[in-house]
Structures are given as C-alpha cells and as structure tokens.
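Have a look at the structure below before the remarks.
Values in this text are rule-based calculations from the coordinates and carry no lab data. On a predicted model such as this, the values are computed, not experimentally measured, just so you know. Glycine gets a Cβ as well: all are built from the backbone with ideal geometry, and neighbour counts include every protein chain shown.
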C-alpha cells in the first residue's frame, strides 16, 4: 500500500475490514466523553477494541499540559515524542475511530493534519458501525508497544488562537462556524462549564455538528456540500469553533469531505472565548 492510498479522510468499515492486516495501517481509538458522563474511555478501550488499536488520549496525555484550557494542541516536539512512543512513524496510514460513532475521532484527525501528517482518516460510524458488520474485536491488556520515529511539522494554517480570530471577525473572506447546539449559540441554554458566558462571537454562524451526521456517520459529500454552500462561499476561509475544540473538528472533517480547502480550528473555542469579558459576545 502506497503512502497516499487512503481513499479519503473518511473510510468505511468495509474498507478497513479489507485492509485490516496491512502493515502500513495504524488504528487509533480516540474515544473521549464529556465531563460528568461517568464513562472512562481508556478502560472501555481495554475491554473492547479493534484488533491492534492503540489508545490516543488527547485529553490528558497528548495535549498541552501547561494550558488552563482543556485538551489544547501540544507543540510539535511533544507531539512527535508521544506519537513515536505509540509506535507510529511518518510512513504509517492512520485510521481513527471512537466508541460513539463519529464524535471525538475527528479531533485526532485534525491534530495529525495540523502536525503535517496527511495519511490519516476517520472510520465512518466508528465502533457501532464496526460491530454492525461483525468486525473482529479484542479485549484485555494490550501488547507492549515498540516505539518508532514520528516527526511532526506544524502547519499554522490548521489552527488559530483567540487574538488572531478576533482580528478576522469582520473579514468578509472569513466565516466562523460554531458547532455547538443552536440553543447554546443563541444563549437560550447556559454553558455547561461554570463561569463561561452564553452566546456567540459577532458575525459567527451556527452549524450544529449534528446537522452533518446521521446515524453516527457523516452525510454524503453532496449533502455536506449543500450544507456548507448554504452558509458560506466556496472561496471563504472557514474557522470552526465549539465548546472546547472537539466537535469543531467534525465540522472541519465534513468541510474537507465537501471539497473545502481553507480550514482552521479555533483550539480554545468557547471555553476560552466565553470566559471573562475579554472577547465580544452576542446572543
């Protein structure tokens, strides 16, 4: 399998079944649950996972541990070291899934994109879709990983911070798309995190991630294109935001599948923007 043979940024369970034994492929379980869910993603991975799947912890491990914000993108040095420790090299094809179907896996897809690795895809439908076709599963303590060498090359265009985003809110070439539920966007429902204001950024548009997903799978490329065409022009720069930078990546993945090219995730998202009074908020 050549280094560019992932069919797209989203692969089907049928495709993965056919390529499950390919030595070039690394499977990552990127499951993550909202705080307070009572679920432990790593324990669930130990109990049930795709064959050979490694656990990618972007919430507590592969993240900027010095930031007060949750699961922020680490720098390229840390990312390189920790991905290498997972036994991943730059010539690997990476397939990411999560136990909810299509929720947190796109976050890890985006992280690899931001770190210069294009050979990465999300398993459409995740673990539920895999189970539906009776795909093989394993359980128990995983085998010890043999480290490899991965070198990250940070791409600034894939990520933005609050100050840079603030300067683009009035730019007609840019549109901010917010993946949170509409009730939170319009301040009809309080934010789940304490001390975070309700509402949205000036000129931002609401695009709840659930509008791009059906039965835990992405809509077709044609339908996704219609969704994005309805709220943005093809040549506009799309910046994605959400509560804490996870579901914004679903929008980024969907936009790429729809054919959009200028894609950026606001990593701090509403957890940063809505805290305090530094940044403008509308309801």
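Taking the chain as the reference, fit the longest principal axis to its C-alpha atoms, fit the long axis of helix 248-257 to the helix C-alpha atoms, and give the angle between the two in degrees, 0 to 90, nearest 10.
70 degrees
Select from 172, 147, 208 the residue whose mean-square fluctuation is largest in a Gaussian network model of the chain (Cα-Cα springs shorter than 10 Å).
Judging by the Gaussian network model, the answer is 172.
If you find the alpha carbon centre of region 118-155 and of region 13-32, how far apart are they in angstrom?
First find each Cα centre; the distance between them is then 5 Å.
Provide the gained length on full extension for the span residue 166 to residue 282, in nm with one decimal, where the gain is 0.36 nm per separating residue minus the Cα-Cα distance.
40.4 nm
Residue 153 versus residue 23, label points 7 Å from Cα toward the beta carbon: distance in nm?
Each label point lies 7 Å from its Cα, and together they span 2.5 nm.
Kindly put 176, 11 in sequence by how many other C-beta atoms sit within 10 Å of each C-beta, fewest to most.
Lowest count first: 11, 176.
Using alpha carbons only, how many degrees (0 to 90, rounded to 10) separate the axis of helix 76-85 from the longest principal axis of the chain?
In the chain, helix 76-85 runs at an angle near 30 degrees to the longest axis.
Give the calculated FRET efficiency between residue 145 and residue 68 to the nearest 0.05, with a Förster radius of 25 Å applied to their Cβ-Cβ distance.
E between residue 145 and residue 68, to the nearest 0.05, is 0.25.
Would you list 170, 161 from fewest to most Cβ contacts within 10 Å?
170, 161
Would you mind ranking 20, 277, 177 so that the residue whose beta carbon has the fewest other beta carbons within 10 Å leads the list?
Ascending Cβ contact count within 10 Å gives the list 277, 20, 177.
Helix 221-231: angle to the longest alpha-carbon principal axis of the chain, degrees 0 to 90, nearest 10?
20 degrees
Per the helix-only calculation at 222 nm, which mean residue ellipticity applies to the chain, given -39500 (n - 2.57) for every DSSP H run of n ≥ 4 and division by its residues, nearest 500 deg cm²/dmol?
-7000 deg cm²/dmol
Report relative contact order for region 6-72 in percent, whole number only (criteria: Cα-Cα under 8 Å, sequence separation at least 6).
27 percent
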